[in-house]
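Here is the structure we will look at, set down as structure tokens.
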């Protein structure tokens with residue numbers, strides 16, 4: 001017979017006790033809680049239809065009882081600058097935390113769980129000998145997690161925005177409501193939702209600067225509430241705001257701690273609920289995590305006699321889902337932390353940005369939930385982009401974009417992708433076919449791979465250049481084909497490899513020196529790319545003048561070749577990038593030290609290129625928005641870098657990241673570099689291009705519609721499918737794309753197949 005004790009009587013502990021007794025009625029389960037049965041310090045909790053289904057599968061009795069006490073809503077409302085924007089189809093339900101606890105307590109007693117209230121919980125070690133299993137569900141300030149921190153290895157990140165958890169009798173029963181108010185001390189916002197017949201949760205949040213300006217830190221709880229009532233008076237209908245945190249001295253404002261643990265178990269002790277992992281309240285998943293993890297833990301300890309193996313099984317079953325929710329919660333809380341960058345957006349775009357903030361809801365998810373709202377939002381986006389009033393409705397990825405005198409037909413960009421197929425710097429028929437196919441494939445803009453300004457400026461012997469007459473002629477042949485046979489524009493990315501030059505082609509050993517025939521390297525400083533690479537010579541003033549002249553020559557050749565646009569490659573550790581990053585720039589002259597100094601030479605090169613590039617043609621700059629290194633360029637500094645190039649005449653910033661040091665530690669994931677583009681675009685007020693693990697139309701449309709970038713770059717998808725744009729357009733129902741005339745029958749078949757697939761999906 002198993003003897004188990006739960007340290008904490010919140011939803012996690014109670015639901016574990018219930019779940020264990022259901023699976024093993026003979027188990028002796030004790031729940032120890034220091035508070036009274038009806039004490040609670042929150043207001044309402046939010047669950048989804050999916051979570052309700054999971055609860056019903058685990059315990060139909062308690063699930064049905066809980067369901068009967070739910071308040072339901074489908075709408076999300078945004079109140080901002082006097083406007084109320086509403087979308088529907090979201091499927092939320094709320095219940096009071098006190099009601100939830102009472103229902104779980106009753107079910108636990110019914111099953112024979114020993115509930116011990118008003119009992120102080122001791123250290124976990126005090127229970128380890130008397131019980132087979134100690135479940136530490138003692139909350140986000142878990143004493144157990146602290147007691148065995150050497151095992152659990154917690155990572156606790158206290159976030160930036162203070163918030164206070166309040167309630168009100170004002171009705172918010174028609175929608176989950178977000179309210180943004182501009183005050184004399186800055187912006188402050190509320191998350192409001194109904195959870196029973198006459199009570200709603202009302203969470204107030206703001207930046208640290210606004211918090212300090214109001215003086216909330218030194219206010220009494222009563223004065224703090226009165227201040228919030230004044231701020232949100234227009235939305236409260238005369239109702240008061242209420243606190244049930246009577247145990248807290250002061251204003252009761254707190255900051256959210258995000259908790260991660262390397263492991264969740266120690267001997268016969270296991271963490272559960274907020275003790276093991278927290279998820280920010282803005283996505284309402286904390287209770288979901290607690291309940292679903294509790295059920296899975298009970299299942300594991302019953303199915304596996306060896307407790308150690310049971311814990312391993314439990315973690316294996318739950319860790320990925322927990323990390324997914326935590327990732328979504330992190331995206332959401334970071335959006336609120338930086339919400340002031342979005343508050344000047346049009347309400348339509350601001351609402352879209354809010355709805356998709358966690359990245360759990362995508363463009364097509366919104367179409368399923370509220371097709372009318374999304375269609376109206378898409379029409380707004382197209383109108384903002386300059387589409388005619390009589391133009392057919394299209395997704396954001398097909399909106400035009402004007403850069404100086406160049407108008408792109410859509411927002412899809414074929415990223416620069418090294419081919420390593422040039423001969424002595426000269427593009428070949430391979431490049432003609434490679435770039436020609438991708439231009440035919442429907443993208444609005446096609447980039448060349450980095451095209452080098454000199455033979456010694458190449459990355460590899462297979463890299464193309466613009467430094468000899470035959471290079472110019474070959475590129476002109478390619479550009480003429482693109483212009484004659486397609487509607488795509490073509491951009492030449494111009495760069496110099498610097499310390500990353502004289503290496504083997506990509507399918508050999510990446511970034512490794514050539515076996516023989518290496519050429520001399522130059523860089524900002526005499527710092528090699530790695531221990532295996534040659535040490536470059538630190539550039540002299542004469543070297544700078546020479547290289548600048550080479551960039552100018554390449555720019556002039558690009559113009560004569562007919563390119564629509566050029567880009568200065570100032571990212572990824574190449575020559576220009578080596579000046580910007582402090583990891584590679586160790587100079588002690590006017591070109592080293594401060595960011596202003598480190599930008600001096602890159603701006604000299606850009607300005608010289610801009611001076612010979614036609615006024616009506618746009619220029620871009622690719623930057624590494626972070627070095628992924630504590631001592632390197634930060635995303636905040638990237639905003640200043642983008643501003644500097646924009647002031648010098650750049651029309652759009654191509655926002656990449658990393659590849660500036662072998663010591664960088666990137667954080668990968670879906671659309672993982674898009675937040676940097678978002679920051680630069682909305683903090684600096686400049687046009688940007690987003691890159692990095694973007695591979696679906698859904699991604700593209702979400703990025704554009706939310707105002708996170710103006711163009712979206714896809715690399716690997718275009719390597720696999722030159723016709724990615726046309727194919728994705730067909731899949732999402734777009735029938736306006738212009739195909740090459742010889743490909744009309746293929747287009748018609750693809751459209752028919754896409755229509756049939758959509759009809760089948762609708763029937764299912």
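For this structure, a couple of remarks:
- Rounded Å value of the spacing that divides the Cα centres of the stretch 109-187 and the stretch 194-215: 18
- Taken over the Cα atoms of the stretch 174-237, the convex hull encloses 93 Å³ per residue.
- Relative contact order for the stretch 3-337: 22 percent, from Cα pairs under 8 Å spaced at least 6 residues apart, divided by residue count.
- The chain: angle of helix 674-684 to the longest principal axis, Cα-based, in degrees nearest 10: 80
- Cα gyration tensor shape for the stretch 637-701, rounded if a/c is under 1.5, else prolate or oblate: oblate
- Percent of C-alpha pairs per 10 Å bin, the stretch 3-337, short to long: 6, 26, 34, 23, 10, 2, 0
- Under Stokes-Einstein, with the Kirkwood radius over Cα pairs as Rh, the value for the stretch 398-441 at 10 °C and 1.306 mPa s is 128 µm²/s.
- Sorted by Cβ density within 10 Å, fewest first, the residues 221, 741, 153, 687: 741, 153, 221, 687
- Helix-only [θ]222 nm of the chain, DSSP H runs n ≥ 4, -39500 (n - 2.57) each, per residue, nearest 500: -12000 deg cm²/dmol
- Virtual paramagnetic centre 7 Å along Cα→Cβ of residue 226, amide N under 20 Å, in the stretch 152-174: 164-169
- Rg/Rh (Cα only; Kirkwood hydrodynamic radius) as it applies to the stretch 262-373: 1.13
- The stretch 658-738 - percent relative contact order, Cα under 8 Å, separation 6 or more: 24
- Counting other Cβ atoms within 10 Å as a rough exposure proxy, the listed residues 622, 369 run 369, 622 from fewest neighbours to most.
- Each of 447, 601 was scored by other Cβ atoms within 10 Å of its Cβ. Listed from fewest to most, they are 601, 447.
- C-alpha center-to-center spacing [the stretch 693-742, the stretch 308-367] in angstrom: 23
- The angle separating the long axis of helix 97-110 from the principal Cα axis of greatest extent in the chain is about 60 degrees.
- Calculated P(r) tail over 39 Å for the stretch 392-720, as whole % of Cα pairs: 6
- Computed from Cα atoms, the angle from the helix 429-440 axis to the main principal axis of the chain rounds to 50 degrees.
- Three-way shape label, the stretch 111-197, alpha-carbon gyration tensor, a/c 1.5: oblate
- Bins of 20 Å from zero: percent of alpha-carbon pairs in the chain: 15, 40, 33, 12, 0
- Taking one quarter of the surface of the convex hull spanned by the alpha-carbon atoms of the stretch 101-143 gives a direction-averaged projected area of 3.9 nm².
- Relative contact order, percent, the chain [alpha-carbon distance under 8 Å, six or more residues apart]: 9
The numbers here are math on the coordinates, done by the rules we state, and not lab data. Bear in mind the structure is a predicted one, so any value in this text is a computation, not a measurement. Here Cβ is always computed from backbone atoms with ideal geometry, including for glycine, and neighbour counts include all displayed protein chains.
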